[in-house]
Amino acid sequence: MKKIFLLIFFLFATIAIGQTKLYDIVFVKAHDVQAYDNYIKETFSKIHTNRIKEEKLLQWDVWKVVDNPQEDFTHMITYIFDMDKYPVETGAREYFDMTDKSWELMWEDVNDIRERVGQVKWIDLGSARKKGVDYLPQIMVLNFMSANPKKWGTYEKTELSYTKSIPDNSLRVGWNFHRRIDDYGSDNYFSHVTIDWFDEYKDFLKTNLGTASDVSRNSLDWSKLRDLKKKVVMYKFISEN
């Protein structure tokens, strides 16, 4: 049977149509960034590489916040699952030749150097990419959106219609749109996210140059559909698939 493959920018390269992906996102505030980075490379990478080989996980990525020490998280960790195989009921302990006491002490150390400040789940709604871009870019600009509860459908259709493609001369190389599915309610911080992708941090900075202009009378008033809560720029630290 012929398989049709789509390029998905947000933390996953190539999957067969029909597979439902679940993005499980964990936000972490590291108190000792270097020590936590070492654990990511030397311990957690081994765990998730094995889970991917065993088809318990599709992909695992870690992104680090760029040049913003006042942000309330330092790392964003993404687990991408086949939704039919979530949750994964497996112990990480089995991948290491360690005593129970050594394992316990390691986790005590990890918990001392970092704090999990949030966890959410979302799904893909759409994407666009610049011609010739068949890789996961280095820079992610994550936009947290709070959609008008009465206009979710209109907002999603409008967002998708505004970014059908990426021009060849654009500094931005890709775009993704996601809906949060783990929680609902008027008090939620965000309901959707959009992601703008860049090859380099300087390319993102260049997009903010130039003269500011007011919204014309003929332009769409996005404030009626959604509220942009904040924008966070991150770079790819590690990716396993």
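Some notes on this structure:
- Annotation for segment 189-198: no member residue is surrounded by 17 or more Cβ atoms within 10 Å (Cβ to Cβ), in a loop (DSSP other than H, G, I, E, B), charged (D, E, K, R) and outside the structural domain of Trp60 (by TED's automatic domain parsing).
- Qualifying strands (runs of 3 or more DSSP E) (wholly inside segment 1-106; at least 1 residues being surrounded by 18 or more Cβ atoms within 10 Å (Cβ to Cβ) and either at pLDDT 80 or above or not small (Gly, Ala, Ser) (or both)): 14-16, 21-30, 59-65, 75-82
- Residue match in segment 166-184 (condition: in a helix (DSSP H, G or I), exposed (fewer than 11 other Cβ atoms within 10 Å of the Cβ) and not hydrophobic (A, V, I, L, M, F, W, C)): no
- Some residue of segment 98-107 being free of Cβ contacts under 8 Å to residues at least 40 places away in the same chain and not assigned by TED's automatic domain parsing to the domain that holds Ile25: no
- Breaking point among (1) at pLDDT 95 or above; (2) under 12 Å from the mean Cα position of the chain (by Cα), for Leu136: (1)
- Filter pass, Asn176 being free of Cβ contacts under 8 Å to residues at least 24 places away in the same chain and polar (S, T, N, Q): no
- A single entry from Phe73, Phe81 fulfils the requirement of being within 30 Å of Lys164 (Cβ to Cβ) and not assigned by TED's automatic domain parsing to the domain that holds Ser161: Phe81.
- Answer residue from segment 155-165, given it is surrounded by 14 or more Cβ atoms within 10 Å (Cβ to Cβ) and of a type in the set (S, T, N, Q) and is farthest from Asp134 (Cα to Cα) among those: Thr158
- Residue check, Gly126 small (Gly, Ala, Ser) and within 13 Å of Lys29 (Cβ to Cβ): no
- Residue within segment 119-133 that is outside any loop (DSSP other than H, G, I, E, B), more than 30 Å from Asn208 (Cβ to Cβ) and either in the same structural domain as Ala35 (by TED's automatic domain parsing) or modelled with pLDDT of 90 or more (or both) present: yes
- Residues that are within 15 Å of Tyr39 (Cα to Cα) and among the acidic types (Asp, Glu), drawn from segment 94-108: Glu104, Glu108
- Condition check for Lys157: of a type in the set (Lys, Arg) and assigned to a loop (DSSP other than H, G, I, E, B): no
The values are calculated or read from the model by the stated rules, or taken from the named source; none is laboratory data. This is a predicted model, so every value here is computed, not measured. Neighbour counts run over all protein chains shown; Cβ positions are idealised from the backbone, glycine included.
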